[in-house]
1. Within region 182-189, does at least one residue satisfy the condition of being within 21 Å of Y128 (Cβ to Cβ) and open to solvent by 80 Å² or more (accessible area, probe 1.4 Å)?
2. Name every residue in region 274-303 that is of a type in the set (G, A, S), at pLDDT below 75 and either open to solvent by less than 40 Å² (accessible area, probe 1.4 Å) or under 26 Å from Y17 (Cβ atoms) (or both), in order of residue number.
3. Going through region 177-206 one residue at a time, which ones are without any contact (Cβ under 8 Å) to a residue 60 or more places away in the chain and in a helix (DSSP H, G or I)?
4. Among the candidates F43, F34, single out the residue that is assigned to a loop (DSSP other than H, G, I, E, B) and closer than 30 Å to S227 by Cβ.
5. Among (1) closer than 24 Å to I124 by Cα; (2) at pLDDT below 80; (3) open to solvent by 20 Å² or more (accessible area, probe 1.4 Å), which single condition is Y264 missing?
6. Please find, among N218, N248, the residue that is out of contact with any Cys (no Cβ under 9 Å at 6 or more places or on another chain) and outside any helix (DSSP H, G or I).
7. Quick one: in region 19-37, which of the residues that are at pLDDT below 85 and of a type in the set (F, W, Y) is surrounded by the fewest Cβ atoms within 10 Å (Cβ to Cβ)?
8. Given V113, V146, which one is open to solvent by 30 Å² or more (accessible area, probe 1.4 Å) and more than 23 Å from L221 (Cα to Cα)?
Amino acid sequence: MKKESTTEKRRHLRLLYHVVAFLVVAIWGSTFVFTKLLLLSGFTPAQIFTLRFLIAYFMLLAYCLWRGIRWLADTWKDELLMMGLGISGGSLYFLSENGAMNYTTTTNTSLIVCLCPLFASALIGIFYKSQRLNRTQIIGTLMAEVGVVVVVMNGHFVLHLSPIGDTLAFIACLCWAVYSLLMIPANARYDTVFITRKVFFYGLLSMIPYYFYYPGLNVHLLFEHTSLLWNLLFLGCIASTLCFLAWNWTMKKIGAVVVTNYVYFNPVTTILFAWLLLSEPITLFFLIGTALILVGMYLSDKQ
């Protein structure tokens, strides 16, 4: 009886981890609305990233100072690991993804960035034999990827190749795969709050060279239009602080490969928010693609 109770508890906890991962992706899928408003108001992608991470970093710093702070990792190698997380999951990822949008279409960027789970699974499998996908999981992952293509293309199977933009999108994809790989040893030795704070810190630190060439944050725009401030606070407090904490926490609980597969839901949640907020129609292709993603996700989680 006790054994059954323990098994049931583990099943409920695992379900909780999956729900949290899905909610994080859902929130990230909604950020396009808030980011677009900031872009249209005069902010650059780099400025938005910097302001988001500044808010997130100081929120976590205040929390850590209140609860007792740990400034450095145990060794310099671990500190370099944290730096790698900050660059791969922070500055380089956001700059390459947003930069891709300036050279190629949204469709190309979405399709390439949603290859993150495939890149991450392959990269993690090279270094960790225990996390290599079995045949069922591979089929599920490929099915989910096909679902993403159906959702994003929406019946219009036309791609516009752009060497610079597509290369930047692939760099963003590879960055997130590296971030997922580095999270495995980081999660094994440090708590989620410490890791996430370091991600924000090194993400910001690695942005300093950029501002030597393009100085300024356009902070005055936030005071001229208070609605922009609320948009930025959502991006900084919710989409960055809470979502990065939750994402890193679920990685610690159910593994980087399983959690990264939730990236497949990103275009689905984006279209749902566009339907809710912008009254854009839901098409048959969206429903078919979403079904493929759901079945693929179920199979990819099979041990």
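1. Scanning region 182-189, I find at least one residue that is within 21 Å of Y128 (Cβ to Cβ) and open to solvent by 80 Å² or more (accessible area, probe 1.4 Å), so the answer is yes.
2. As a first pass, look at region 274-303 and keep what is of a type in the set (G, A, S): 274, 279, 289, 291, 296, 300.
From what's left, at pLDDT below 75: 274, 279, 300.
Scanning region 274-303 gives A274, S300.
3. Result: A188, single match.
4. On the way: F34 fails: assigned to a loop (DSSP other than H, G, I, E, B).
The conditions single out F43.
5. The number of the failed condition is (3).
6. N218
7. F32
8. Details: V113 fails: open to solvent by 30 Å² or more (accessible area, probe 1.4 Å).
The conditions single out V146.
The values are calculated or read from the model by the stated rules, or taken from the named source; none is laboratory data. Keep in mind it's a predicted model, so treat the numbers as computed, not measured. Because the Cβ atoms are built from the backbone with ideal geometry, glycine has one as well, and the counts that use them run over all protein chains shown. Each accessible area value is taken on the protein alone, full model and side chains, heavy atoms only, with ligands, DNA and RNA left out. Shrake-Rupley method; radii C 1.70, N 1.55, O 1.52, S 1.80 Å.
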